[in-house]
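I have placed the structure first, in the form of structure tokens, so that the comments after it can refer back to it.
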Amino acid sequence: MSLEVSLVALFYNEEASVENVIRDGYRVLKQIGVPFEIVAIQNGPLDRTPEILARLKAEIEELRIVVIPENRGAGYGALKGLYSAVGADVIGISGDGQVNLDLILYGLPETLPAEQEVLANNMMVTLGGSSAIVAHNLAALGSRVGFVSYIGGDAHGNIALERLAAGGVDVQRVIRNPKARTGLSVILQYPSSRTILTFPGTIFELTPANLDMNYVGNSRHFHLSSFYLQRGLRPHAVKLCQQLKQQGLTISFDPNDDPEDQWRSDIKDVLPYVDIFLPNAREAKKITGEESVEGALSQLASMAPTVVVKLGAEGAVARRGSERFASRALQADIVDAVGAGDSFDAGFLHRFLNGGDLQSCLSAGNIAGALSTTRAGGTEAFRDEEYRNDFLRNHRDQKKVG
């Protein structure tokens, strides 16, 4: 009897999701009632995925396993599955264990009335989380990037990791907890402002024990984000940065917001051990207690070797010792500013890691930040390779210095 359907599923380190994917696919195809096979592509996993697939194979006769000994990327695995399928129709699904997502709602009134349904005129689900946006966009710009984190084994985590991997980020060291839920931010975009509602998920649970220090230590550079959300990592931040500095890494640090609005002073203990501190204007003033950006910049410059303060539509300023630098923002057709500061970090760091001076790093940061604002969310403009390259090419020689 000839097969009518081949369901092809690609698996890497998916011990948290592989069984549900196979069983759900089997149940649906049984209900359809046509001859079928399930082709599981075992794409060089390092976890218990092969063990789980072998157990399922003994139970489900329609399951066929194709083994790729060493991971060669999702594209290679997908093609291997396509060539292995024998059904007349081939259905491809992702079994990939994929960090935070952003749900962005547009077209909302400035004031939301209670007990009344309010309609948005558009929405977008996109990759979120400060460090994930930096990692994705830094990789899109051409840097080699690895990502270490601790997330849930749920669908939100799957989508986020899939986006990171598709962007060229190495996510092999991301730890999945099948009993936990990945974080989610709902961003309410108003005409002149926004509100961010965040379910933190697993972010509080990340600790030094979750970090593969051999992997991190073999890098050139380490970027730390979301200090005030890193409740498990925050007490160890000084020791972590000291260790990485001793191993020869450069370190950048974006504090991001403090949802409790406490801005405790322990962040200042970390600053002597980072090379580049990257707050925005509000964060810089909150951390220092200064009322002006220049006052905050001056105080922070006495604590960290290089301080870069992001000013949004006004660009960015920096201090290195007594030297002051500035770069004006680019004009762009803005969709939203979600992730623009993280995208600035990615552009700045990409130029920094390629030997750029501080002025050119500021310019590169502003270009990347402007690119981000032209599409929804923090990564969508970087995912479109042709659009991204055209934008960067058009602004490559544009240096806006204030």
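Tabulated results
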| read-out | value |
| --- | --- |
| Cα-based shape type of the chain, given that a ≥ b ≥ c are square roots of the gyration tensor eigenvalues and the cut on a/c is 1.5 | prolate |
| Residue-span extension gain [residue 110 to residue 385] - 0.36 nm each, minus C-alpha spacing | 95.6 nm |
| In Hz, Karplus ³J(HN,Hα) per residue of segment 144-152 (6.51, -1.76, 1.60; θ = phi - 60°; x = Gly, Pro) | 7, 10, x, 10, 10, 6, 9, 9, x |
| Note, ³J(HN,Hα) from phi for segment 206-221, Karplus 6.51, -1.76, 1.60, rounded to Hz, x at Gly and Pro | 5, 10, x, 5, 8, 9, 7, 5, 5, 5, 5, x, 8, 8, 8, 8 |
| Cα-projected label distance for residue 65 with residue 314, points at 7 Å along beta-carbon direction, nm | 6.1 nm |
| Links that overshoot a 19 Å alpha carbon limit, given the list 286/310; 285/310; 239/286 | 239/286 |
| Spin-label pair residue 209/residue 193, simplified geometry with 7 Å Cα→Cβ offset, distance in nm | 4.2 nm |
| Built amide H within the under 5 Å cut-off of residue 48, gap 5+ | 15 |
| Residues whose placed amide H lies under 5 Å from that of residue 251, excluding near-sequence neighbours | 222, 275, 276 |
| Integer Hz, Karplus 6.51/-1.76/1.60 couplings in order for segment 307-319, x for Gly and Pro | 10, 10, 10, 7, 10, x, 5, 9, x, 7, 10, 9, 10 |
| Beta bridges per DSSP with both ends in the chain, % antiparallel, nearest 5 | 40 percent |
| Which of 215, 26, 12 has the fewest Cβ neighbours within 10 Å, and the rest in rising order | 215, 26, 12 |
| Neighbour-count ranking [beta-carbon atoms within 10 angstrom, fewest first] of 226, 149, 265 | 265, 226, 149 |
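Read-outs throughout are calculated quantities, based only on the coordinates presented, and are distinct from any laboratory measurement. No experiment lies behind these values; they were computed from the predicted model shown. Heads up, the Cβs are rebuilt from the backbone with ideal geometry, glycines too, and the neighbour counts pull from every protein chain shown.
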